Amino acid sequence: MSKFRVVHYINQYFGQIGGEEKANIPPSCKEGPVGPGMAFKAVLGNEAEIVATVICGDSWFAENMDVAKAKVVEMIAQHKPDLVITGPAFNAGRYGTACGAVAEAVSQELNVPVISGMYPENPGAEMYRRFALIVETGDNAAAMRKAVPAMGKLALKVLRGEEVGSPKEEGYIPRGIRQNYFAEERGSKRAVDMLVAKLKGEEFHTEYPMPQFDRVEPNPAVADITKAKIGLVTSGGIVPKGNPDHIESSSASKFGKYDIEGVTNLTAETHQTAHGGYDPVYANKDADRVLPVDVLREMEKEGKIGSLHRYYYATVGNGTAVASAKRYAAEIAQELKNDGVDAVILTST
Amino acid sequence: MCTIVPISLTVGANRIVPTVAIPHPLGNPELPAEEEKALRRRLVTKALRALTTQVDGQTVFED
């Protein structure tokens, strides 16, 4: 039986080309295993072999993401792999992002499975965990000795077509896939068992881990609010009547930006909520109850604030993924900054 | 500005002003219109005060 074909993606450092000074090299391809690929060779044994190694500088990849992805995928495709291994990247941010981006492109465009390895806090893990089985590794290359056997073992499992177990069983970073199964005990019993274990100080595993939220340093206080341009942003779904952007009532896939120049009051004729997670009656009658345009207009007129920003931003916070919310927030914040907004009031329902 | 303060604390907001109720954080439909607006103005004033207050970490502006 012929061996399964594996292509390995690594950076310039592990590709033995050089360190940071060589981070600007474009992708190249070598036959057979290179660097950590040698260690994989031992784990893959007679069943699979690394037929080629694609190497790219971390900076080059990061600075030419689209071109880099296309080139790397083309090189990988030429070797007709049954599986692709990227990394392990440990906690190296650019490398992890490159390993993840390659995984995304390979899995989506070539429909070939990808095994990678990263430290859970590597940004590449968060961004691309859906596209690869990313084995959880230590935060630096000293963890190579543990990472390679774990990744290799999982690679063989996938190549053989064996069933891959849960992230906890197999040691990979959760891909965010929910799988149904029949539990032996009913939910109430499992919950109470967990509580008892917790009270006893014993180990227990939640069945529904909460998303991880980051923390940011508070911004300095606004020095003079009477000169400040104030922006309004809401997750309460306040939109112009008719919801022109069709923001979804739950799991919103977008946010809206709406002009309120000259608007002194939101009314049942002009605005409504698109939110499907709370009783909309009160907001539909008077959306100022969620987005206080009326009083901010008054305060603007009285000189209590500098001005009310011409646009407000809205999305629906109902069941919306944290990752989406984070993306909307980054875009909205950038626009507000570009528009010279000094401070923002966020309202949530 | 939010009604469920623990959520705002969980997601990492730094200046938090508690509000009235989930479906009408900045209003109270049981009040006459004028009083309701006065209530909203008090809450917004509090939010503006929060923005002009230096904070070291997550702070809930109770009153």
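Restricted to segment A:215-232, and to residues that are open to solvent by less than 20 Å² (accessible area, probe 1.4 Å) and of a type in the set (A, V, I, L, M, F, W, C), which residue is farthest from the other protein chains (Cβ to nearest Cβ)? I'd like the intermediate steps shown before the answer.
In the first step, residues of segment A:215-232 are kept if they are open to solvent by less than 20 Å² (accessible area, probe 1.4 Å); the result is A:228, A:230-232.
Remaining after also requiring of a type in the set (A, V, I, L, M, F, W, C): A:228, A:230, A:232.
On the way: A:228: 8, A:230: 8, A:232: 10 Å.
So, considering only residues that are open to solvent by less than 20 Å² (accessible area, probe 1.4 Å) and of a type in the set (A, V, I, L, M, F, W, C), the one farthest from the other protein chains (Cβ to nearest Cβ) is A:232.
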Kindly provide the set of residues from segment A:243-265 that are open to solvent by less than 50 Å² (accessible area, probe 1.4 Å) and within 25 Å of residue A:325 (Cα to Cα), ordered by number. A:243, A:247, A:252, A:255, A:256, A:258, A:260
Looking for something within 14 Å of another protein chain (Cβ to nearest Cβ), among the polar types (S, T, N, Q) and open to solvent by 30 Å² or more (accessible area, probe 1.4 Å) - is there at least one such residue anywhere in segment A:196-209? no
How many of the residues making up segment A:303-343 are outside any helix (DSSP H, G or I), under 22 Å from residue A:227 (Cα atoms) and open to solvent by less than 50 Å² (accessible area, probe 1.4 Å)? 11
Go through segment B:1-44 residue by residue and tally those that are part of a helix (DSSP H, G or I), within 8 Å of chain A (Cβ to nearest Cβ), over 22 Å from residue A:297 (Cβ atoms) and open to solvent by less than 60 Å² (accessible area, probe 1.4 Å). 1
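Do you know which of the residues in segment A:1-58 that are among the aromatic types (Phe, Trp, Tyr) and more than 15 Å from residue A:156 (Cα to Cα) is surrounded by the most Cβ atoms within 10 Å (Cβ to Cβ)?
First pass over segment A:1-58, keeping only residues among the aromatic types (Phe, Trp, Tyr): A:4, A:9, A:13-14, A:40.
From what is left, the residues that are more than 15 Å from residue A:156 (Cα to Cα) are A:9, A:13-14.
Working: A:9: 31, A:13: 19, A:14: 22.
Per the criteria, the residue is A:9.
Are any residues in segment A:59-74 touching a Ser or Thr at 6+ places or on another chain (Cβ under 9 Å) and surrounded by fewer than 20 Cβ atoms within 10 Å (Cβ to Cβ), and if so, which ones?
A:62, A:65
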At least 1 residues that are more than 22 Å from residue B:21 (Cβ to Cβ) in each: list the helices (runs of 4 or more DSSP H) lying fully within segment A:184-301 that qualify. A:187-199, A:293-301
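The values are calculated or read from the model by the stated rules, or taken from the named source; none is laboratory data. This structure is a prediction, so every number in the text was calculated from the model and none was measured. Backbone-built Cβ (ideal geometry, glycine too); neighbour counts: all protein chains shown. Side chains are part of the model used for accessible areas, which takes the heavy atoms of the whole protein and leaves out ligands, DNA and RNA. Shrake-Rupley method; radii C 1.70, N 1.55, O 1.52, S 1.80 Å.
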